[in-house]
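Asker: One structure follows; several queries about it will come next.
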Amino acid sequence: MPFTRINGKMVEAAVFPGQQLFSQRGAMIAYTGDVTFKPNLMGGQGGVMSMIGRRVANEDTPLMTVEGRGSVLFGHGGHHVHLIDLAGDTLYVEADRLLAFEGSLQQSTMFMGAQGGVMGIVRGQVTGQGLFTTKLTGHGSVAVMAHGGVIELPIAQGQPVHVDPQAYVAHRGDVRNKLSTALGWRDMIGRGSGEAFQLELSGQGTVYVQASEEKL
Amino acid sequence: MSYPPQQPYGQSPYGQQPPHPQQPYSAQQYQQSYQPTQPGIPMPPMPPAPPTAPTPQPGGNGPVVYDAHSLPVNDNVNPYAFSVDLNGPYYLQKGKMIAYYGDIRFSGIGRGAIDRLLEQNFNSPLHAADWVVAEGRGRLLLADRAFDLNSYDLENGNLTVRSGNLLAFEPTLALKQSIIPGFLTLIGTGKFVAASNGPVHFVEPPIRVDPQALVGWADCPAPCHHYDHSYLHGVIGGIRHLTGLGGASGEEHQFEFIGAGQVLLQSSEKLMAERSVGQVDAEEGVPGGGVPQQPGHGGQQLPNIPGLGNLGDLGRRFGL
Amino acid sequence: MPRGRHDRYIRPVAQFRLQGSRVLAVDMAGDSVKARNGSMVAYTGQMNFKKLTGGGDGLRGMVARRLTGEQMTVMEAKGQGTCYFADQATEVNLVRLNGEALYVEADNLLCTEATLHTGTSFTGLNGMASGNGLFTTKVEGTGWAALTSNGPAIILRVTQGTPLRVDPGAYVAHTGNLSRHLKSGAGWTTLIGEGGGEAMQVEFTGEGLVYVQPSEKATFGGDV
C-alpha cells in the first residue's frame, strides 16, 4: 500500500512510475522527487459526462492525478485522516471526504436513488445538495478525511447500526441503508437541521462515523 | 538529545536523512505517558488529596491531576499544552496563557521599566504589540486553540517560523523579522514554543512545500518560489485556462527548499491566523510573496474556489 | 420522573466508556442517560430519544433556564444497546462523582447518568467574562458525567496556599470547595483597550480541582 500514516492528520504516499494516485485538489502538503500534479480533466475515471454530472450535482470535488517518482505528503483542512484498505470490496464515500486513493481502484460517481442511497437521500431530502456519491471498488488503499477522527462500527446480520447523517463518513460491505425518522425524534425538529433523521445501516459490513456533526 | 528530532506519534523520518554533525535544535517532545515530571528542586510536601478527587476511570489509571509542583518543567503537559517553570522574564504572545500558579506579572511590551531588556529581544517594533512579558515565579500553562505545541531548543542556532505559529520564547533568544514576509527568525541559544495545526513533521531538503503547510525552517537557506510549468503549458493547459474546465490542480505553486537543514511542516493546509509583521498579505499562505498588488487580480483569490481555473496570475505570467 | 439515590440500586447502571478520545460510548440495558441535544452520532440496538424541555429539572429548572438564557437543550436517550455521543470533534473527559457537586460550563456538558441531578447555579464570575450568561450548570449525585473540552482537559489541583489563576475562556469545570474571584492581571491595565490579552483572570482559592482546556473560547475581554 502506498500510504504511510505520518500522524493523525498527515499521510505519506510513495509514487512510482505507472502507478497513479488520485488526490483532492489542494491536499498536497509537500513532495520530493519528480512528481507531477494534474487536474483531472476527465473527472476521474468516469469520463466527461461524469464530471459534468458532478458539476450539475454540485458534488464538485476536482481530483488531481499524481504521477511520477517520489514521495508526497497529503493532508487537508486540519481534518483527521483515516486509511482504509480495500481487498476487492466496495467503499461508498462522499467525494469531498476523499483525500487520496490509489489509481488501481475503480472509481465511479453513483447516483443515489431510493436504493442504496446514503448521502444522496440525505442530501436530497435534508440539505438539498447533490444526489451523487463516490463508489470505489477493487484492491487498493483510500485515505478518507473526517472531523475529529473516525470510529468503525461493525454491521452484522440482525445488528443494524443507526447513524446521525451528519456524522456519517463512509461505509463498506454488503450494506443496505434507509433513512428513517425515528419515533421520538420528531420532538427535535426545529433544533438544528437534519437532527430528526437517522440512517439505518443493515447487512454485513462496516460503517465509519466521525466524532462530530460537522460536515466537511 | 537526539538527531533527527524526535517525531511525535512515532513519525517515520521523511525522505533520506543523512547524518548531521551538529544538532542545531531538537523538538522536545511531551512525555509519551503524559506523566508529570518531578522537578529536581526541593519542594514542600504535597498536600493530601482532597476527598473530592475523582475516582479512577473504568479501564484506565484515572485522570492525572496536576498541582503547582507536579506540572512538567518546561515541557508539554499533553500535545496541546505547555508548562513553563517561570523564574524570570519570558515572552509570550498575547492571550496564550490558560492558567498559572504562583506570583506572575504580565506586562505589555514597550511600556514600563524593562524596556531596555526588550531592545535586545525585539528588533522589530511592529511585533511588540502582540507580545507580553511574564515575570515572576510559578508554573505557567500555555495553549493556543487546541493546536499542537512543540518546544524547540536552539543552541547558538537559528530557526525561522511563521509568525502566527510562534507562541513564546526565552529572553536569551533574539526575535527578528525574516526576509520572507510573515516569518520571524529566532537567533541565539534558548527555548521557544511554537504551535502547529497537527503535529509538526520534519523533512530535509530538497523538498517542495505547499506554502500553507510550511511552519518554518532551520539552518537551510530561505526558500524560493517554484511554479509548475508543465501544468500550465500545452493545449490542455490552454483549454483549462479558457474554460475553467478541469480546474487548477491547486498545486501550481510551492516553496522549494534546497541545501542542508530541516523544514518544519504542519499536517494541514488550514492556515493559523497570521500575526501582522507590518506587511500586507498578498496571497493566502504567501504573505507578500512577490504577487503584484493589482486589485481584482487572480493572485488574490483563494486557491480552491470551485469551478474557476484559478490560474490567475500564473496564467498571465506564462502567457496563457 | 423517578430519579436519584433511591432508585439507583434498582436500575441497571449505564456504562460510560471512551471510544477513542472524542467519542463517548454508553452501554445501556433499559436505562437512560441525559445528553446534549443532537450529540448522538450513532447507536446499535433499540434506542429512543426524547427531548427534555427545560433539561428535565422540572418547573424550577425550566424557569431557571429561561432566566439564565442557558441554551443547553437536553435529550434523554433510553434503550438497550450502545449509544455513541460526540460534539464537534471535542475531547471527551469522564468524571466520576461520588456525592459532590461538579460545576461546569453548559457548553461543556455532554452527557450525564440518570442518577445525576443537573441544575443551574448562579456563579457570576466566569459567565460574566466569557459571555456565557451568569449561570453555570451544577451536576450533583453519584455517577458518571462526560465533559467536552477543546483539546483534552487538564486537571489542576487547588489547595490552601496555592491558588490558581485561569483564563476565563479556558475554564471548563471545577469540583470541590472553591471560591472564585475575577481579577485583572496585574500590570495589564495599560493594555486594556488594545485588545485585552490576559486582562481578566479568574482566581480559584480553597480546596478542589479545576478543569481547563488548552484553548480559549472567545471572550469579550478581547481576542485571546
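Asker: Over all residues in A:159-167, what is the mean tally of Cβ atoms on other chains that come within 10 Å of each residue's Cβ?
Answerer: That works out to 5 on average.
Asker: Turning to a different aspect of this structure: Kindly put B:D130, A:D164 in sequence by how many other C-beta atoms sit within 10 Å of each C-beta, fewest to most.
Answerer: B:D130, A:D164
Asker: Would you mind getting me the FRET efficiency between C:Q88 and A:E152? Use the beta-carbon distance for r and R0 = 22 Å, nearest 0.05.
Answerer: Efficiency, from the Cβ-Cβ distance: 0.60.
Asker: Still on this model: At 7 Å along the Cα-to-beta-carbon direction for both B:T172 and A:Q204, put a label point, then send me their distance in nm to one decimal.
Answerer: Spacing of the two 7 Å Cα→Cβ label points: 6.5 nm.
Asker: Here is a follow-up. What pairs in A:K38/A:K178; B:K96/B:K176; C:K51/C:K183 have C-alpha atoms more than 32 Å from each other?
Answerer: Table pairs above 32 Å Cα-Cα are A:K38/A:K178; C:K51/C:K183.
Asker: While we're here: Suppose each label sits 7 Å from its Cα in the direction of the beta carbon; what would the B:V64-B:C224 distance come out to in nanometres?
Answerer: If labels sit at B:V64 and B:C224, their model points lie 4.6 nm apart.
Asker: Continuing with this model, one more query. Between A:Q159 and A:D34, how high is the FRET efficiency from 1/(1 + (r/R0)^6) when r is the Cβ-Cβ distance and R₀ = 60 Å? Nearest 0.05.
Answerer: It comes to 0.75.
Asker: Enter the mean number of other protein chain beta carbons within 10 Å of the beta carbon of each residue in A:3-16, as an integer.
Answerer: For this peptide, the per-residue mean of nearby foreign Cβ atoms is 5.
Asker: With r as the distance between the Cβ atoms of C:A29 and C:H181 and R0 = 51 Å, compute the FRET efficiency 1/(1 + (r/R0)^6) and round to 0.05.
Answerer: Rounded to the nearest 0.05, the efficiency is 0.65.
Asker: What is the extension gain from A:D96 to A:H139, computed as 0.36 nm multiplied by their sequence separation minus the C-alpha to C-alpha distance, in nm to one decimal?
Answerer: 13.4 nm
Read-outs throughout are calculated quantities, based only on the coordinates presented, and are distinct from any laboratory measurement. Worth saying up front: this structure is predicted, and the values here are computed from it rather than measured. Ideal geometry is used to build each Cβ from the backbone, glycine not excepted, and the neighbour counts take in all protein chains shown.
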